[in-house]
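Chemist: Here it is, the structure, as C-alpha cells.
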Amino acid sequence: MDIAILSASVLTGNPDQPRAEAIGITDNKIVVVGTDEAVKEQITDKTKVFEMPGRLITPGLVDAHLHFLNFGMSLRWVNLRNLPSLEACREKIREAVSKHKPGEWIIGRGWNQNKWEDPTEPILKDIDDLTPENPTMMVRACGHCIWINSLALKAAGIDENTPDPPGGQIDRDSHTGAPNGLLREARKLIEAQIPRPSLEERKSAILSAQEEALRFGLTGVHTCERLEQWDAFEALDKEGLLKIRVHHLLPPEEIETAHNRGILNEYKSEHLWFGHVKFFADGSLGAHTALLHAPYSDTPEDACGIACSTKKELQEYAELAYGYGKSVAIHAIGDLAVTNCLEAIAAARKKYPGARRDRIEHVQLVRAQDFDVFKEMDVVASVQPVFLPTDWQPAEKLWGTDRCETAYAWKTIRDAGIRHQFGSDCPVEPVRPILGIQAAVTRQGIEGNPPGGWCPDQKLSLEETIEGFTKTAAWTAGKEAELGSIESGKKADLTVFGQDLFETPSETWHEVDIEMTVVNGEVVYRK
C-alpha cells in the first residue's frame, strides 16, 4: 500500500457504504475503504500514512463548467471584481495604464454595475480619458458584455455604419447612432485584434490556474475552450506537468479539425480527453441578453434578450456533434433559451438516435413544464450555485419575483430526478468549490444575505451538494466506472477538507481550507 489515510470522516458517495474512516491507496487506485483497522492491516514500512482526525474527505471535487486557461490568463489582467463603483474601476484602470507602454492592449475583467452605488453601465466617456494611447477591453463579470475604448473600436473597424453581428449587439448613442463603447455577445470582434498569447504563455497560464485549483481541492475540471487552448493542455500533458484532470469541450466550428487531428476519440490520457461540443443559445442575466419567453421586467420596451443561435442552428450544431458520435453542452440561461435547447436536442436525436450525455449549461430560469422534459430526455442540468449570491437581487429586478419561483431551482431539479452537476464558470466566479457548496446549502452569500436564504425551499443538503460536484460530473465525462465516488477499484481522486463540514456551521464554510488534494493516487497539494 502506497498511501493510508486514517481517522478521518469519509463521505464516499457509494450508497452501499456511505461512510468510512480510512482509505488505502496503491498505485493510482483505491484498494481499501473502511475502518482504520482494515486499512492498517495492509500498511507496510513503505506506506505513507496520513492521520486525519477531524477532516472531511470526499470524492475528488470537479468543477463541471469553467474556462481554465482563460482563468489563468485573467490572473494577469486588471481585476475589477467586486468593486463598489465606476470610479473604483477607473482607478484600477488608471493604475494599469501607468504600467503599459503606448500601443499595448490593456485587458481587464470583473466589472459588474449591479454592485455599484450607481448601477449605470459604463460607456466610452468613462474610459477614453484614461486610455488615450492604449486600446482597452474590460470584460463584464459575466463575460457576455465588454466595455471598450475608442482605440479598440478603431482597431476593430467598428463605427456607426457597422451592423450588429449575428447573435450580438453593438450598443449605440441614442442620438448619433455611433457605438457607445458597450458590445454584447460580440466579444470576438475585439479579441480578433488582440495579439494571441504564445504557446509558452498559454502553458504558463494553465499552470497558474492549476496551482489555484488544486489548492482549493479540485481534482478535475470541464473546461469550455478552443483548440488553441487544447494545444497548451496537450503540451503540458506530454511533459507530465498536467496534474488536474481536464475534460475539454470544443465549439462546433472546430470539431472537423479536431477529428482530423485525432483528438475526438484517439487522444486518451489520465489527465486530458475531449468531451462535448459546446455552443450558445443566449447570453447572460446581467447583460440583459438571456433569452426569455416574456420581456424583462425592468425595461420599458419588450426586450426578451438575444438568441445567440436560432433553434434551427442549435439543431444543426447538435446534429453535427451526433454525426461524430459526440454529445452536446449548450449554454442557456433564460427560459426560452432552455426551451429552444430541449426542442433542438429532441429534433436532432430523431435524426441521430442513440445514447447521449447531453447537458445544458447554467439553466438559471426554467419554465415549470420544462422540468419534466429535462427528466424524460435525460439531459443534464449543469449549473453554478456560486452565481446565486451575486444574482438573486438582479434576478428579482430583471425577471420579477413570480418568474424567480423557477429560477436557480436546484431542489426542484433534483426532486424531478434530473441529473445535475455543479461548477463555477470561473473566471466569472472564483474557482473555490467551497463557495458553491455554501451557496447551494444556505442560498446566501458569505455575508449571510438574504436572511434565511433566497427561496429557501430550494436549499440542498450538504450530501446532495457534494454529489453535484462529484458523481454526475464523472458520468457526463464517461468516467463513472473510474471516478465520482470513493470505492475499491476506482481511481484515487480525493479532496480533504481541513474541517468536517458536517460538524462546522455552514455560515463559516468559506473559512475552511483544503488540507490535501489527491489526483490519480498522487498528493498534488498539501497545506
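Each value in this text was obtained by applying a stated rule to the coordinates, not by laboratory testing. In this text, all values refer to a predicted model and were calculated from it rather than measured experimentally. Reconstructed Cβ throughout: ideal geometry from the backbone, glycine too, with neighbour counts over all protein chains shown.
Chemist: Among 77-86, 159-168, what's the highest-first ranking by average C-beta atoms within 10 angstrom per residue?
Modeler: Packing order, densest peptide first, comes out as 77-86, 159-168.
Chemist: State which entries of Lys125/Lys278; Lys154/Lys312; Lys351/Lys411; Lys99/Lys154; Lys278/Lys311; Lys115/Lys203 exceed 24 angstrom in Cα-Cα distance in the structure shown.
Modeler: Those over the limit are Lys125/Lys278; Lys154/Lys312; Lys351/Lys411; Lys115/Lys203.
Chemist: What value in Å³ per residue do you get for the convex hull of the alpha-carbon atoms in the range 299-432?
Modeler: With only Cα atoms used, the range 299-432 gives 123 Å³ per residue.
Chemist: Moving on. For the range 405-418, just list the computed ³J(HN,Hα) in residue order, Karplus coefficients 6.51, -1.76 and 1.60, θ = phi - 60°, integers in Hz, with x standing in for Gly and Pro.
Modeler: For the range 405-418, the Karplus-derived couplings read 5, 10, 9, 6, 8, 5, 5, 4, 4, 5, 5, 6, x, 7 Hz, x marking Gly and Pro.
Chemist: How large is the dipole of the range 3-53 about the Cα centre if only Lys and Arg carry +1 and Asp and Glu carry -1, each at its Cβ, rounded to the nearest 20 debye?
Modeler: The calculation lands at about 160 debye.
Chemist: Suppose each label sits 7 Å from its Cα in the direction of the beta carbon; what would the Glu266-Glu507 distance come out to in nanometres?
Modeler: Once both label points are built, they end up 5.8 nm from each other.
Chemist: Right, something else. In a solvent-free Debye calculation with one equal scatterer on each Cα, what is log10 I(q)/I(0) for the range 130-192 at q = 0.30 Å⁻¹, listed in the order of the q values?
Modeler: Debye output, listed in q order: -1.47.
Chemist: Then there's this: For the chain, return all DSSP H helices satisfying: extent of Cα atoms along own axis at least 15 Å; mean Kyte-Doolittle hydropathy at least -0.5.
Modeler: The qualifying helices are 86-97, 335-351.
Chemist: Still on this structure: For Lys29, go through the lysines and keep the ones whose alpha-carbon is under 27 Å away, minus same-chain ones fewer than eight residues off.
Modeler: Straight-line reach from Lys29, under 27 Å: Lys40, Lys46, Lys48, Lys238, Lys243, Lys268, Lys471, Lys479, Lys490, Lys491, Lys527.
Chemist: Quick check on the range 61-141: take the gyration tensor over C-alpha atoms, sort the square-rooted eigenvalues as a ≥ b ≥ c, and tell me if it's rounded (a/c under 1.5), prolate or oblate.
Modeler: Oblate shape, in that a/c is at least 1.5 and b/c is the bigger or equal ratio.
Chemist: Taking 0.36 nm per intervening residue step and subtracting the Cα-Cα distance, what contour gain separates Asp500 from Glu487 on full extension?
Modeler: Stretched fully, the Asp500-Glu487 segment lengthens by 2.7 nm.
Chemist: Same structure, new question: Quick one: Ile446, Ile434, fewest Cβ neighbours within 10 Å first, how do they rank?
Modeler: Ile446, Ile434
Chemist: Quick one: which residues, 5 or more positions from Gly108 or on another chain, have an amide H under 5 Å from its amide H? H modelled 1.01 Å from N in the peptide plane, none for Pro or chain starts.
Modeler: Result for Gly108 returns Val78, Met137, Met138, Val139.
Chemist: Can you give the calculated 222 nm mean residue ellipticity of the chain, where each DSSP H run of n ≥ 4 adds -39,500 (n - 2.57) and the sum is split over every residue, rounded to the nearest 500 deg cm²/dmol?
Modeler: The helix contribution divided over the chain gives -8000 deg cm²/dmol.
Chemist: Follow-up. On a C-alpha basis, how far is the centre of the range 332-372 from the centre of the range 42-110 in Å? Whole number, if you could?
Modeler: After rounding, the separation between the Cα centres reads 31 Å.
Chemist: Follow-up question, since we're still on this one. Can you find, among Ile43, Thr12, Asn28, the residue farthest towards the positive end of the dipole of the range 3-53? Put +1 on the C-beta of Lys and Arg, -1 on that of Asp and Glu.
Modeler: Result: Asn28, furthest along the dipole toward the positive end.
Chemist: According to the square roots a ≥ b ≥ c of the eigenvalues of the Cα gyration tensor, what is the shape class of the range 449-520, taking rounded for a/c under 1.5, prolate for a/b larger than b/c otherwise, and oblate for the remainder?
Modeler: It comes out oblate by the Cα gyration axes.
Chemist: If the only charges are +1 at each Lys and Arg Cβ and -1 at each Asp and Glu Cβ, what is the size of the charge dipole of the range 18-138 around the Cα centre, to the nearest 20 debye?
Modeler: For the range 18-138, the charge dipole is close to 240 debye.
Chemist: Order the peptides 282-291, 457-466, 306-315 from the highest to the lowest mean number of other Cβ atoms within 10 Å of their residues.
Modeler: Packing proxy ranking, top to bottom: 282-291, 306-315, 457-466.
Chemist: List the aspartates and glutamates whose Cα sits under 15 Å from the Cα of Lys375, skipping any in the same chain fewer than 8 residues away.
Modeler: Partners within reach: Glu343, Asp358, Asp415.
Chemist: For the peptides 228-240, 316-328, what is the packing order when you average, over each peptide's residues, the other Cβ atoms within 10 Å and list the highest mean first?
Modeler: Listed from highest to lowest mean packing, they are 316-328, 228-240.
Chemist: Which residues does the label zone of Thr401 cover in the range 282-298, counting backbone N under 18 Å from a point 7 Å along Cα→Cβ?
Modeler: Only 297-298 pass the distance filter.
Chemist: Residue separation times 0.36 nm, minus the C-alpha to C-alpha distance between Thr162 and Lys99: what's the value?
Modeler: 19.4 nm
Chemist: Here is a follow-up. Please list, in chain and number order, the residues 5+ apart from Asn180 or on another chain whose amide H is under 5 Å from its amide H, with Hs placed from the backbone.
Modeler: Sorted by chain and number, the residues that satisfy this are Asp171, Arg172, Asp173.
Chemist: Using a simple charge model, +1 on the beta-carbon of Lys and Arg, -1 on the beta-carbon of Asp and Glu, nothing else, what dipole does the range 218-360 show about its Cα centre, in debye to the nearest 20?
Modeler: Charge dipole, the range 218-360, about its Cα centre: 680 debye, nearest 20.
Chemist: Subtract the Cα-Cα distance of Lys238 and Glu522 from 0.36 nm times their separation in residues, and report this length gain in nm to one decimal.
Modeler: Value of the extension gain: 100.5 nm.
Chemist: Any idea how far apart Arg19 and Ile43 come out in nm if each label point goes 7 Å out from Cα toward Cβ?
Modeler: If labels sit at Arg19 and Ile43, their model points lie 2.2 nm apart.
Chemist: Any chance you could check the Cα centroid distance between the range 162-183 and the range 111-139 for me, in angstrom?
Modeler: 16 Å
Chemist: To continue, here is another question. Quote the FRET efficiency, to the nearest 0.05, computed for Ala178 versus Asp118 with a Förster distance R0 of 25 Å and r equal to the Cβ-Cβ distance.
Modeler: E(calc), rounded to 0.05, equals 0.60.
Chemist: Which net charge results when you count Lys and Arg as +1 and Asp and Glu as -1 among the other residues whose beta-carbon is under 14 Å from that of Val518?
Modeler: Taking every other residue near Val518 into account, the sum is +4.
Chemist: Positive end of the charge dipole of the range 189-274 (Lys, Arg +1 and Asp, Glu -1 on Cβ, about the Cα centre): tell me which of Leu249, Asn260, Gln193 has its Cα farthest that way.
Modeler: Going by the Cα projections, it comes out as Leu249.
Chemist: Then there is this: Applying 1/(1 + (r/R0)^6) with R0 = 25 Å to the Cβ-Cβ distance of Glu301 and Asn82, what FRET efficiency is obtained, to the nearest 0.05?
Modeler: 0.20
Chemist: Rounded, prolate or oblate, given the Cα gyration tensor of the range 95-254, with a/c below 1.5 counting as rounded?
Modeler: Because a/c hits 1.5 or more and a/b exceeds b/c, the range 95-254 counts as prolate.
Chemist: In sequence order, what are the phi-derived ³J(HN,Hα) couplings for the range 419-427 according to the Karplus relation 6.51 cos²θ - 1.76 cosθ + 1.60 with θ = phi - 60°, rounded to whole Hz, with x for glycine and proline?
Modeler: Residue by residue, the range 419-427 yields 4, 9, 9, 10, x, 10, 6, 3, x Hz.
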